[in-house]
Amino acid sequence: MAMIISARGAAVALLNATLGTGAMLGETPVPDGLSGPDRARAERLAADVLRQLDRADRILKPLLRKAPPLAVLNVLRLAVVERAQGAAAYGVVNEAVGLVRAHNRTQHMAGLVNAVLRALPETIDLDAMPPPLLPRWLRQPLVHAWGRDAVAAVEAIHTRTPPIDITPKPGATDLPEGVRLPNGSLRLVAGGQITALPGFAAGDWWVQDAAASMAVPLLAPDPGMRVLDLCAAPGGKTMQLAALGAHVTALDISGPRMTRVRENLARTGLSADLIVADAVHWESDAGFDAILLDAPCSASGTIRRHPDLPHIKDGTELAALLPLQAALLDRALGLLAPGGRLVYCTCSLLAAEGEDQISAALDRHPGLRVEAPQISGIDPAWVTPGGSLRLRPDYWADIGGMDGFFMARLTRD
């Protein structure tokens, strides 16, 4: 079903692609013909609906005798979420009816959409409803690891639009308005176009979730060290390493993603040697003093930023990811110079991609050990019994939470 070219119509088109074909929200092009602000609004609206999908469906269910076609249902879901956000009922209902009336396959349902939306309560409080549950393949192991209360706290954070964090270059002063976080990241207090904010054009900072930014302080490279950043794109950690004065080699298997790294380095005035290669098979003439491996993973720790993930993933990808993570970790250890150190991290909530990988690596590599994190801004409760760092989305919940990450610093005796 094609949609009228408006922010709302584009948002429904994005929802149709994600929920109908399993397309990732960030990889689905916004329909042409929209201004920049309207494109951003369409993406925001689609993400808001995905965060509140279960709640919106629970409100709609008693008003529908049977589920309408997906495209019509997505129009209704969007209308419910916008009404809950305080949008004027007249405008929401009017455009929703217009969207379904404009197309032959759905125009006969315009009356239904009008009737359903006019039957909505005058005030809709989605936050008063239980948060949507994580999918079973993800929720079950998390409940086993952390307990139901902790998982419920994570699910609650997933319904909230996440704030934007930036990492300033050392000494940068031209920064947007924000709140300084305990780890040194800056959490922006207002929205707006990122590229128009103070200091962006000058390269004084880059967007990077506070949790992701903790991997480099955990590695703690000294100026002049030879540091390898494996699976480097889109380059946030590469820029952190370069800004600390390390001689950085950044490697990623994706040429297009490495183009983004090159662009980010150029904007920030930082430098690194960029290599496009398969890290499992790549060879180096000399060992590295320090290595950061941000391994490919389920990305389950980033659901607060990517609410499409629970709707397009079913856990089957773990069968390929887990052996790849182990192979990358073994390869990285092979590239480490004597006395060097390595940080393994994943933006995953699952122990299978974090704690279990480290436990297995310790069994495979005699003399390998985990060094407990010694970095500012972390709560001691975030350190696991094995000495790794387990970050959860519900940490810092009162100020917006953080992405879920696992991080471990490894050295050899």
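No value in this document is a laboratory result; all are computed from the given coordinates. None of these values were measured; they are calculated from a predicted model. Because the Cβ atoms are built from the backbone with ideal geometry, glycine has one as well, and the counts that use them run over all protein chains shown.
Assuming R0 = 51 Å, what is the FRET efficiency of residue 280 and residue 90, from their Cβ-Cβ distance, to the nearest 0.05?
0.30
Measure out, as a whole number of angstrom, how far apart the alpha-carbon centroids of segment 100-160 and segment 163-184 sit.
One Cα centre to the other: 33 Å.
Give me the extension gain from residue 107 to residue 253: residue separation times 0.36 nm, minus the current Cα-Cα distance, reported in nm with one decimal.
Full extension of this stretch gives 47.9 nm more.
Kindly provide the helix-only [θ] at 222 nm of the chain, computed as the sum of -39,500 (n - 2.57) over DSSP H runs of four or more divided by all residues, to the nearest 500 deg cm²/dmol?
Value at 222 nm, helices only: -11500 deg cm²/dmol.
Kindly work out what percent of the DSSP beta bridges joining two residues of the chain are antiparallel, to the nearest 5.
Here the share of antiparallel DSSP bridges comes out near 55 percent.
Tell me, 160, 65, 369, 304 in order of fewest to most beta-carbon neighbours within 10 Å?
Lowest count first: 65, 369, 160, 304.
Could you give the angle, 0 to 90 degrees to the nearest 10, between helix 355-364's Cα long axis and the longest principal axis of the Cα atoms of the chain?
30 degrees
Under a straight-distance cross-link criterion of Cα-Cα below 20 Å, which lysines are reachable from residue 237, leaving out those fewer than 8 residues away in the same chain?
169
Using θ = phi - 60° and the Karplus curve 6.51 cos²θ - 1.76 cosθ + 1.60, what whole-Hz ³J(HN,Hα) does each residue of segment 31-39 get, with Gly and Pro shown as x?
x, 5, x, 9, 6, x, x, 5, 5
Percent of Cα-Cα pairs per 10 Å bin, from 0 to the last occupied bin, for the chain, please list those.
In order of increasing distance, the bins hold 4, 21, 29, 24, 14, 6, 2, 0 percent.
How much net charge surrounds residue 115 when only the other residues with a Cβ under 14 Å from the Cβ of residue 115 are counted, with Lys and Arg +1 and Asp and Glu -1?
Net charge in that neighbourhood comes out at +3.
Provide the three semi-axes, in whole Å and in decreasing order, of the ellipsoid equivalent to segment 1-83 as defined by the square roots of 5 times the Cα gyration tensor eigenvalues.
21, 13, 12
Set the Förster distance to 41 Å, then compute FRET efficiency between residue 161 and residue 374 from the Cβ-Cβ distance, nearest 0.05.
E(calc), rounded to 0.05, equals 0.80.
What order do you get for 282, 205 when you list them from fewest to most C-beta neighbours inside 10 Å?
282, 205
In whole Å, how far is the Cα centre of segment 206-246 from that of segment 250-285?
13 Å
So how much slack lies between residue 148 and residue 260, counting 0.36 nm per residue of separation and subtracting their Cα-Cα distance, in nm?
36.4 nm
For segment 1-65 and segment 352-413, compute the distance between their C-alpha centroids and round to whole Å.
Here the answer is 36 Å between Cα centres.
Given a Förster radius of 60 Å and the C-beta distance between residue 61 and residue 179 as r, what FRET efficiency does 1/(1 + (r/R0)^6) yield to the nearest 0.05?
Approximately 0.95, to the nearest 0.05.
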